[in-house]
Each structure stands twice: as structure tokens, then as C-alpha cells.
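Colleague: Once you've had a glance at the structure underneath, I'll fire off some questions.
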């Protein structure tokens, strides 16, 4: 009965290395079973601590950090190709697209032939912009931009482009990142920096000068004189 | 027919440069911490999973997740505790998936009599029982127990890592050890009976 009373105190005593309470010490002096139980409990906890330390300090496999470095590089490459975007970004992009399309749909219906004139504007602007592009062009869109079809929203974009001091080019959407990377790499080469950043000076236009024409004076003859002249020739023959 | 978009190469390139520079800076900072805290992510996972291959998988995943969200961590001094919690949660998820539960159950049911506790710590059987008892602890208790056993962390260090009071760490440690002792004592007593 006395042992049952001290059972909880024995567990607490085994858990801590503090001094034992007086009544427990007195009981342990007289009870060999509880003394043995306390020793067993302390050994058990020592074994638990030892097992925990062994498990918690396991040697780290040498392949862990190199594998993580590799995956980090892959992660960076993936995020460069497809920048991380959350759902709100998709929503914002969709909303912007809808807002951009609403005013553009109406004039397109009203004047289908307007697309032709916008194409001409696009061609002119593309020619202007392509002057500032480094010569080894990475995109097929830059090689024959004139042959591309332009959508009505191009008019807005081109109008904005005309006001912008930066050179701009037309590229397919999926080639934008590639173009940016190409420009980044091209600009690191000194010879190309000049080409990319300093557009070639336009040739000075001189006023058109037209030389005066030297036109010989007409030899005017009356019809009567011509008739007489014809008659003379006839008589001679 | 192909749709074209108008871009400014120079401004796009500048954005690209800025983005790449920011990525490189983040990567450098992360890698500095990786060398210091990477092993801890593994050990936490190993402490939960008791399996080297699984622990390596989980540690890798934890480190990659930490890298993805590294920008969201405002106080970088809390990186260690943050990484520990990520690794611990992932390891718990892996355990809960139950892929290797059957194997552990089999190991648990294989009991052989042991006369004393002296050689318990060295025995694989005791380790298996300890694993099982650990698994039955609540996650809070288990994490504190593992961190305290790891690399000789003091209770203050554990408290700092987990951002909880030192007293809470002490009480959780005491409770966890008590529960483990009770679980394992029953087993030892049972195996000692003839």
C-alpha cells in the first residue's frame, strides 16, 4: 500500500535529478522494491535519452547538400522560364485584357477596312524600330516583320510606341523573354552595346534641287509655209 | 497568322538584369544558411521518419520549399526554426501517408525478452520501441524532444528556435520524457515476465 502511494513520486524522481522528498527517501530506505524500481526508471530514461540523441544526430548523407544545390539551380532556371505567378496575377491580367479589348472591338466592326491602314502604320513603325536592333537577330519575327498580321490593338500599342524614347520591336509573345535575354547578353559585348543603345544617325536630308531644263526653241512654221515647202519638194521629184 | 506584341528590348533587358541580380543575391544568402541549417532539416526528418532515404527526400523538399518562400521570411534570424518546422511538418505528412506503417507495425510486434535495461539503448529492438513511442507523442512534444536531443541544444536555444517561452519547452520536455518512460516501462515489464 505504501509503495502504491509513492508510485507517482518515483516516476517524477526518475525524471529529474533533483533531491528526493524526505518521505520518499525514508520509504526507499526501507523498501528494496521501490529502490530497484527507481534505479530501473533512471536507467530507462537514460536509455531513452541515449536513443533520442542517436536518432537526432544521425550522420547527414554527403549527397544531401549537392542534391539541394542542383535542385536550386533547376528551380532558378524554371522560374526564369515561367515566372511564378499567383492567381491574383492571372485575374489582374484577365481584367486588363478585357478592358483593353472592349473599346477595340467596336471600331473594328464599324470599319473593317481600318485594319489595312493600321497594318501600314505598323509596317512603318516596325521599320523605324528595327533600325535600332542589334544585327544578329534572334527572332524570326524581326526578319520579316512586314509580313506579320497585326491586330487592331496594335494601333494603340504603336501609338504609345511612337511617343516612347526607347526603341521597340514587335515579337511573338512567347519570344519576349528570349529577346530580353538576348539583348542582355548582347549588351555585355562592347561592340554590340553601341549598336543596341545608340541608334545610327539618320542621314541629313537635303532639299531637292532640280536643274533647269534646256529646251530648244520651237521652229514654228505656218501651215501655208509647210504646204509651199511640200509643193516644192514634189516639183523637184 | 501570328500575334505580335510590342516590347522595349532595353527596358525588358534592364528588368531581366534586376531580376537576375535579385535572384542571385537571394540564392547566395540562402546558400550561406543552407550549409549551416541543411543538416538540421535532415536530422529532424530522420528523427520523425527513422529512415535515411525518406529523411533525405523530405529534407531536400523542405529546403527547396524554404528557398521558394525565402523572400517571405522577414526576420532571417528565424531561418533555423522556420526550416525546422517546415521539415518537421513534411516528415509528419510523409509518416501519415502510411507508406511504411506496415513495416513498422511488423517490427513492433516482434518482441523478445530482455532481462535488464542496461543494453536497451544499444539494441535495435529498443530503438524500434522508442520509435513507436515517439510516433505516439503529440507533434509538439515530439519536436521539442528531437530538438533538445539534437546537437546538444539547450532549452533556451529550443525556445528561441520555436519562438516559445523557455518554461513551455521545459514542461513539454518533461511531459514527453514521462510519456515515453511510461510507454517503454510497460514494454520492459512485459518482456521481463517469464
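The values are calculated or read from the model by the stated rules, or taken from the named source; none is laboratory data. Not measured: the values here are computed from a predicted model. Heads up, the Cβs are rebuilt from the backbone with ideal geometry, glycines too, and the neighbour counts pull from every protein chain shown.
Colleague: Does at least one position in the stretch A:14-34 carry a residue that is surrounded by 17 or more Cβ atoms within 10 Å (Cβ to Cβ), without any contact (Cβ under 8 Å) to a residue 40 or more places away in the chain and within 11 Å of chain B (Cβ to nearest Cβ)?
Modeller: Yes; the residues of the stretch A:14-34 include at least one that is surrounded by 17 or more Cβ atoms within 10 Å (Cβ to Cβ), without any contact (Cβ under 8 Å) to a residue 40 or more places away in the chain and within 11 Å of chain B (Cβ to nearest Cβ).
Colleague: Give the residues of the stretch B:57-98 that are modelled with pLDDT of 90 or more, out of contact with any helix residue (DSSP H, G or I) (no Cβ under 6 Å at 6 or more places or on another chain) and within 12 Å of chain A (Cβ to nearest Cβ), sorted by residue number.
Modeller: Of everything in the stretch B:57-98, just one residue is modelled with pLDDT of 90 or more, out of contact with any helix residue (DSSP H, G or I) (no Cβ under 6 Å at 6 or more places or on another chain) and within 12 Å of chain A (Cβ to nearest Cβ), namely B:57.
Colleague: Could you please let me know if residue A:158 is over 30 Å from residue A:102 (Cβ atoms), touching a strand residue (DSSP E or B) at 6+ places or on another chain (Cβ under 9 Å), modelled with pLDDT under 65 and surrounded by 10 or more Cβ atoms within 10 Å (Cβ to Cβ)? First the steps, then the outcome.
Modeller: On the way: over 30 Å from residue A:102 (Cβ atoms): no; touching a strand residue (DSSP E or B) at 6+ places or on another chain (Cβ under 9 Å): yes; modelled with pLDDT under 65: yes; surrounded by 10 or more Cβ atoms within 10 Å (Cβ to Cβ): yes.
Spelling it out, it is not the case that residue A:158 is over 30 Å from residue A:102 (Cβ atoms), touching a strand residue (DSSP E or B) at 6+ places or on another chain (Cβ under 9 Å), modelled with pLDDT under 65 and surrounded by 10 or more Cβ atoms within 10 Å (Cβ to Cβ).
Colleague: To continue, here is another question. Restricting to the stretch B:159-180, name every residue that is out of contact with any helix residue (DSSP H, G or I) (no Cβ under 8 Å at 6 or more places or on another chain) and assigned to a helix (DSSP H, G or I).
Modeller: B:167, B:171
Colleague: Tell me whether the stretch A:43-57 contains one or more residues that are in contact (Cβ under 8 Å) with a residue 12 or more places away in the chain and surrounded by 14 or more Cβ atoms within 10 Å (Cβ to Cβ).
Modeller: yes
Colleague: Taking the stretch B:138-151 on its own, how many of its residues are away from chain A (no Cβ under 11 Å) and outside any helix (DSSP H, G or I)?
Modeller: 1
Colleague: Just to check your reading of the model, which residue among B:128, B:122 is within 14 Å of another protein chain (Cβ to nearest Cβ), at pLDDT below 85, out of contact with any strand residue (DSSP E or B) (no Cβ under 8 Å at 6 or more places or on another chain) and surrounded by 16 or more Cβ atoms within 10 Å (Cβ to Cβ)?
Modeller: It is B:128.
Colleague: Can you tell me which residues in the stretch B:41-56 are more than 9 Å from chain A (Cβ to nearest Cβ) and under 8 Å from the mean Cα position of the chain (by Cα)?
Modeller: B:45, B:48
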